[in-house]
Amino acid sequence: MDLPDILMVGTAALVLSICWCLYRFVTLLTGWHVAVANVWRGGYSELERFDDFSRFGFTPGSLRGWNIRDDEGMRWIEDEVVFETAEGEKVRAIVGRQVRRSRRPDSVYRLWYDRADPRRVTVHGPGQWLLLAFVLTTFLAGIFAWGIEWAQTGQPPQWAISHK
């Protein structure tokens, strides 16, 4: 696969990602509502936090092990939360989020729930999706700028020249 092919596939992936982010942004603003959630049952126990603390961020062999959704210095947890809808109904739901490794997670936080099905929840609000769409659009603009330079000069950009 040549560099132009990789750039075309990357560009298509960026465009699809931007469309997904904008779709999530619009659906969260139109069909979802914000609520304050209280953690009913946490997904990151004291023992797991102490184990992460004592291993200095080294995941292999820890109690929790490795999860693809973990990030550098972060752990993916799933909490059972209770929140009140705008109509006054109390709802229990499972919500996934990332927390700092070996730190006690917040027991109260904001989440977004689907008005049609309040058990569908997320901690990622529309602002996060819009910000991600903006960052991806910036990357896409950079790729187009390099492509235009490439088309005008007939030479690939310096970073794209392989030095064999």
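Bear in mind that the values in this text are calculations on the coordinates, not laboratory data. Given the structure is predicted, the values throughout are model-derived calculations rather than measurements. Cβ: placed from backbone, ideal geometry, glycine included. Neighbour counts: every protein chain shown.
Give the calculated FRET efficiency between ILE94 and ILE6 to the nearest 0.05, with a Förster radius of 41 Å applied to their Cβ-Cβ distance. It comes to 0.60. Along the chain, the exposed loop sites are GluC sites (Glu not before Pro) outside DSSP states H, G, I, E and B with at most 12 other Cβ atoms within 10 Å, and the longest stretch free of them is 90-164.
A simple charge model with +1 on the Cβ of Lys and Arg, -1 on the Cβ of Asp and Glu and nothing else charged puts the dipole of the chain at about 340 debye relative to its Cα centre. Given [x] 44, 39, 31; [y] 61, 47, 36; [z] 62, 44, 20, which label gives Cα extents along the principal axes in Å as computed from the coordinates? Here the calculated entry is [z]. Shown in residue order for the stretch 114-125 are the 3J(HN,Hα) couplings computed by the Karplus curve 6.51 cos²θ - 1.76 cosθ + 1.60 at θ = phi - 60°: 6, 5, 6, 9, x, 7, 7, 10, 8, 9, 8, x Hz (x for Gly and Pro). Working note: Karplus 6.51/-1.76/1.60 with θ = phi - 60° gives the stretch 127-136 the couplings x, 5, 5, 5, 5, 5, 4, 5, 4, 5 Hz, where Gly and Pro are set to x.
Under a Cβ-Cβ cut-off of 12 Å, what is the net charge of the residues other than GLU84 that fall near it, where Lys and Arg count +1 and Asp and Glu count -1? Intermediate results must be reported in sequence, preceding the final value.
Details: positive: LYS90, ARG92; negative: GLU87, GLU89.
Local charge sum for GLU84: 0.
Between SER107 and ILE143, the modelled label-to-label distance comes to 4.6 nm, taking each label 7 Å out from Cα in the direction of the beta carbon.
For TRP40, the residues 5 or more places off, or on other chains, whose built amide H falls under 5 Å of its own are GLU80, VAL81, VAL82.
Given R₀ = 30 Å, what would the calculated FRET efficiency be for ARG119 paired with PHE50, taking r from the Cβ atoms and rounding to 0.05?
The formula returns an efficiency of 0.40 here.
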